[in-house]
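The values are calculated or read from the model by the stated rules, or taken from the named source; none is laboratory data. No experiment lies behind these values; they were computed from the predicted model shown. Cβ sites come from the backbone with ideal geometry, for glycine too, and all protein chains shown count toward neighbours. We work out accessible area using only protein heavy atoms, side chains counted, and drop any ligands, DNA or RNA first. Shrake-Rupley method; radii C 1.70, N 1.55, O 1.52, S 1.80 Å.
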Amino acid sequence: MHLFIRRRQQLALVEQFLFFFSSGSSSVHPPLIHHSYKDQSGLTLPSFKITMQSVSELSSNSHPSNLDHITPIDFESIKEVPESFIWPLLSDYPSCNSADIEPVPSIDLCDPKATKLMRRACERSGVFQITNHGIPTRLLHKLESQVWRLFSLPTGQKLKTLRSPDGFTGYGLANHSSFYPKLLWSEGFTIFGSPVEHARQLWPQDYTNFCDVIEEYQKEMSKLSGRLTVLLLNSLGLTTDDLEWVGATGEINGARSALRLNSYPPCPEPTRAMGLAPHTDSSLFTVIYQNGTTGLQVSVEGVGWVTVRPVTGALVVNVGDILHIISNGRFVSSVHRAVVDRAQHRLSIAHFYGPPVNAQLSPAKKLVDPPDHPILYRTVTSQEYLAIKAKHFDKALALIRHA
Ligand SMILES: O=C(O)CCC(=O)C(=O)O
Ligand SMILES: [Fe+2]
């Protein structure tokens, strides 16, 4: 019994950690068929505007993952989507095309109007794309080919890196998937820190190529993240002095970051399956590379699900919960999901970026100006917020909001 309780506590800690990077980060299990679910009542997700028959019917309180009765699934060989993967009434699929509407603009980071454009996008949808971001195209291509290489490995090989309940990295499903009773048409792999240990298990003879590319990308992402932090703060009328945990050039002391590799294989019934369930990221912001294949969608108030069309060479930036809190609610923490396609195999690589777990999160003082802008959130540490998010998922922001 004691052992059981210890195990549950360990699981809870791991989940808090993982939610730090993304409510859509990793989980302890790979593409698996669950043959049984626990309690499916109680959790409703009204703020996520999920247009399914009944959200409360679909969402589940079975978190953390029920590892009983699971079987690996080979997406490539499946001709018909199994019942456990069928999401009823995805009536809003496909959706609007972001090229037709304004909320997800493409912004040139060298444009003098960049901060103004960012502000508008962050207030509207919480998502924009960036060009002139400084990440070399050849690096993005190298990264993409390493990610293909990983997901093309036989399932048995990938399972060697299955994330253990007390580990942070490896192969597994999005952790927020355990809040939903339906399974996801995707595979994922989370990297926190050095990828060496898992890479060795995946390619015992030849793991250095993968590690070199990942490490180069991590370095480039951390530079870009500093630059974006400055621009996003400026777009709110703030400077780096306004946040204790941000240094003069936008670098975050003790910054936490993680890479999440996502693979969405072709699906024989794409309108009935879901690649990644609706969620917000718990990061300050997330930068996503998508391989020229559509699938990422953002929920925009008054519009519905908008497809974030891949723009050649551009990266997607998503506002996360932490930036939403700092902005005192001005910036939308983007609710996003990934849908799947009948023919195209989509890859995405998400880089989650945020402050250290002991950082104090609260609305920036300059953005609190009652009665127009009363303070919306109480102060919590990053760790406290992550714990709330891990337990309450889409209710987390409401739970730290002033009455
Ligand atoms: O696949 C995508 O574009 C979205 C990925 C994502 O939202 C995540 O990993 O949290
Ligand atoms: Fe996400």
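Below are the figures for this structure:
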| read-out | value |
| --- | --- |
| Test: residue in region 363-380 that is β-branched (Val, Ile, Thr) and closer than 21 Å to ALA277 by Cα | no |
| THR190 being of a type in the set (Val, Ile, Thr) and either away from ligand 2 (no atom under 16 Å from the Cβ) or surrounded by fewer than 24 Cβ atoms within 10 Å (Cβ to Cβ) (or both) | no |
| Whichever residue in region 149-186 is open to solvent by less than 20 Å² (accessible area, probe 1.4 Å), assigned to a helix (DSSP H, G or I) and out of contact with any strand residue (DSSP E or B) (no Cβ under 7 Å at 6 or more places or on another chain) and, among such residues, is farthest from SER263 (Cα to Cα) | PHE179 |
| Every residue from region 271-305 that is over 23 Å from SER178 (Cβ atoms) and away from ligand 2 (no atom under 15 Å from the Cβ) | THR271, ASN291, GLY292, THR293, THR294, VAL300, GLU301, GLY302, VAL303, GLY304 |
| Qualifying residue in region 135-148 (condition: outside any loop (DSSP other than H, G, I, E, B), touching a helix residue (DSSP H, G or I) at 6+ places or on another chain (Cβ under 9 Å) and among the aromatic types (Phe, Trp, Tyr)) | no |
| Criterion: open to solvent by 10 Å² or more (accessible area, probe 1.4 Å), modelled with pLDDT under 95 and more than 16 Å from ligand 2 (Cβ to nearest atom) - qualifying residue of ASN234, ASN253 | ASN253 |
| Residue count for region 196-209, restricted to those that are farther than 19 Å from GLY156 by Cα and either of a type in the set (Ser, Thr, Tyr) or crowded, with 19+ Cβ neighbours inside 10 Å (or both) | 1 |
| Region 366-395 residues that are over 28 Å from THR239 (Cβ atoms), paired with ones that are open to solvent by 40 Å² or more (accessible area, probe 1.4 Å) and of a type in the set (Gly, Ala, Ser) (beta carbon under 6 Å, 6 or more apart) | ASP394/SER47 |
| Neighbours by Cβ (under 6 Å, 6+ apart or cross-chain): first from region 214-225, farther than 12 Å from ILE191 by Cα and surrounded by fewer than 21 Cβ atoms within 10 Å (Cβ to Cβ); second among the β-branched types (Val, Ile, Thr) and at pLDDT 95 or above | GLU220/ILE135 |
